[in-house]
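Q: The structure under discussion is supplied below as structure tokens; questions concerning it will follow.
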Amino acid sequence: MEGIQHKTVRVNGINMHLAEKGEGPVILFLHGFPELWYSWRHQINGLASLGYRALAPDLRGYGETDAPASIASYTCLHVVGDLIALLDAVAPDQEKVFVVGHDWGAIIAWYMCLFRPDRVKALFNLSVPFIPYNPRFKPVETWKAYFGNDHYIVRFQEPGVIEAEFEEIGLGRAVLELLSYRVPDPLYLPKGNLFGHPLDGPVDLPPWLSHQDANYYATQFEKTGITPALNYYRNFDRNWELSAPWSGSQIKVPVKFVMGDLDLVYTMPGMKEYIHNGGFKRDVPFLEEAVVMKGVTHWINQEKPDDINKQMFDFFSKFH
């Protein structure tokens, strides 16, 4: 992690931890769940060496960034507010920046483009396509109807319940189990058998996650707890309500989208049709392309860092 600088910036009423490296046009990297700024380590180093200034915050509730107590403090408006304030503080000379998101970071990046397209030069998003507001489908009850009560998003809703179950197996272990999930099927977390395999052996880490990496994630979450990260999921329905004014709005910034064909998001009902049959392009008219990488799972930027860095560089190079 040589040359990566760390600082704390006061933004939107909280202290936000920021990792940064390089000089040049800004790229703002937004991590997902259960991740940290650290998930972008390969991109920070790679893109900084290619003439960019990489900024990777811990989002509110994660890592070294403050974690407000109330669930209601984790809406899309709060998180986008943090990011706008961060850019105002650390890159006041750059009216627009490049944005990269993965998983929850991708969801936040879509909201950022919806709410503040004036601040985004171009978006390179990973794993989660834009899901437009639909007044007929309230998110959590829709997932419950499709997948039942053991689906992870449904299980995450009730405050304190899944936290207690994670504590039983060890929070660090639970985080590593989540980061090691690499099958293209929905994630179910049945009570008493959360990850479906015995707990007496070590977690079967994927090849892209070293023991050192795993230790960093586990230690950080053991320190902060996982409740603030889960509060993003507890705002799915609230975000849906808050985004009603943008019903029918399109994403009006240049976009490249990349995901793996073994990503559990790709295999969700209706997702392939939406991405490939015109729906995605209708809602994101400046979508340059939607790339589906073969044999790649959800953790795409850590799994295929060189490939992702190259695609990112080639895409952003067009906008200088």
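Q: Here are Glu303, Glu288, Glu273, Glu222: which of them is closer than 22 Å to Trp143 by Cα and among the charged types (D, E, K, R)?
A: Details: Glu303 fails: closer than 22 Å to Trp143 by Cα; Glu288 fails: closer than 22 Å to Trp143 by Cα; Glu222 fails: closer than 22 Å to Trp143 by Cα.
Result: Glu273 is the single residue among Glu303, Glu288, Glu273, Glu222 that is closer than 22 Å to Trp143 by Cα and among the charged types (D, E, K, R).
Q: While we're looking at this one, here's another question. Name the residues in the range 81-103 that are closer than 21 Å to Leu126 by Cβ and open to solvent by less than 10 Å² (accessible area, probe 1.4 Å), would you?
A: Keep residues of the range 81-103 that are closer than 21 Å to Leu126 by Cβ, which gives 82-83, 86-87, 96-103.
If the condition is that a residue be closer than 21 Å to Leu126 by Cβ and open to solvent by less than 10 Å² (accessible area, probe 1.4 Å), then Asp82, Leu83, Leu86, Leu87, Val97, Phe98, Val99, Val100, Gly101, His102 are the ones that fit.
Q: What tally of residues in the range 33-64 results from selecting those that are more than 19 Å from Glu163 (Cβ to Cβ) and part of a loop (DSSP other than H, G, I, E, B)?
A: 6
Q: Follow-up question, since we're still on this one. Taking Glu273 as the residue in question, decide whether it is over 30 Å from Ala67 (Cβ atoms), in contact with a strand residue (DSSP E or B) (Cβ under 6 Å, 6 or more places away or on another chain), open to solvent by 50 Å² or more (accessible area, probe 1.4 Å) and of a type in the set (D, E, K, R).
A: no
Q: Of the residues that make up the range 259-273, is at least one hydrophobic (A, V, I, L, M, F, W, C), modelled with pLDDT under 95 and over 18 Å from Leu123 (Cα atoms)?
A: Looking for residues that are hydrophobic (A, V, I, L, M, F, W, C), modelled with pLDDT under 95 and over 18 Å from Leu123 (Cα atoms), one finds at least one in the range 259-273, hence yes.
Q: Thr267: surrounded by fewer than 16 Cβ atoms within 10 Å (Cβ to Cβ), β-branched (Val, Ile, Thr) and over 30 Å from Glu95 (Cα atoms), yes or no?
A: The answer is yes for Thr267.
Q: Among residues belonging to the range 213-249 that are buried (at least 17 other Cβ atoms within 10 Å of the Cβ) and assigned to a loop (DSSP other than H, G, I, E, B), point out the one that is farthest from the chain's Cα centre (by Cα).
A: Ser243
Q: Could I ask something else about it? Pick from the range 65-78 the residues that are assigned to a helix (DSSP H, G or I) and of a type in the set (Ser, Thr, Tyr): which of them is most open to solvent (accessible area, probe 1.4 Å)?
A: Ser73
Q: Among Phe115, Phe166, Phe130, which is under 21 Å from Val265 (Cα atoms) and either under 17 Å from the mean Cα position of the chain (by Cα) or of a type outside the set (Lys, Arg) (or both)?
A: Phe130
Q: Then there is this: For the range 170-193, which residues satisfy the criterion of being at pLDDT 95 or above and aliphatic (A, V, I, L, M)?
A: Across the range 170-193, the qualifying residues are Leu171, Ala174, Val175, Leu176, Leu178, Leu179, Leu187, Leu189.
Q: Of all residues in the range 118-153, count the ones that are farther than 19 Å from Asp263 by Cα and open to solvent by less than 50 Å² (accessible area, probe 1.4 Å).
A: Qualifying residue count, the range 118-153: 10.
Q: Hey, Ala164 hits all of (1) open to solvent by 30 Å² or more (accessible area, probe 1.4 Å); (2) in a loop (DSSP other than H, G, I, E, B) but one; which does it fall short on?
A: Tallying (1) open to solvent by 30 Å² or more (accessible area, probe 1.4 Å); (2) in a loop (DSSP other than H, G, I, E, B), Ala164 fails exactly one: (2).
Q: If a residue must be within 26 Å of Ala164 (Cα to Cα) and without any contact (Cβ under 8 Å) to a residue 60 or more places away in the chain, how many such residues does the range 213-244 contain?
A: 6
Q: Within the range 195-208, restricting attention to residues that are out of contact with any helix residue (DSSP H, G or I) (no Cβ under 6 Å at 6 or more places or on another chain) and at pLDDT 95 or above, which residue is nearest to Leu262 (Cα to Cα)?
A: Taking the candidates together, the pick is Pro206.
Q: Can I ask one more? Filter the range 184-208 for residues that are touching a residue at least 40 places away in the same chain (Cβ under 8 Å), aromatic (Phe, Trp, Tyr) and assigned to a loop (DSSP other than H, G, I, E, B) and give the result.
A: Trp208, the sole residue that qualifies.
The values are calculated or read from the model by the stated rules, or taken from the named source; none is laboratory data. The model shown is predicted, which means the values in this text are computed figures rather than measured ones. Heads up, the Cβs are rebuilt from the backbone with ideal geometry, glycines too, and the neighbour counts pull from every protein chain shown. Please note that ligands, DNA and RNA were not included when accessible areas were found on the heavy atoms of the full protein model with its side chains. Shrake-Rupley method; radii C 1.70, N 1.55, O 1.52, S 1.80 Å.
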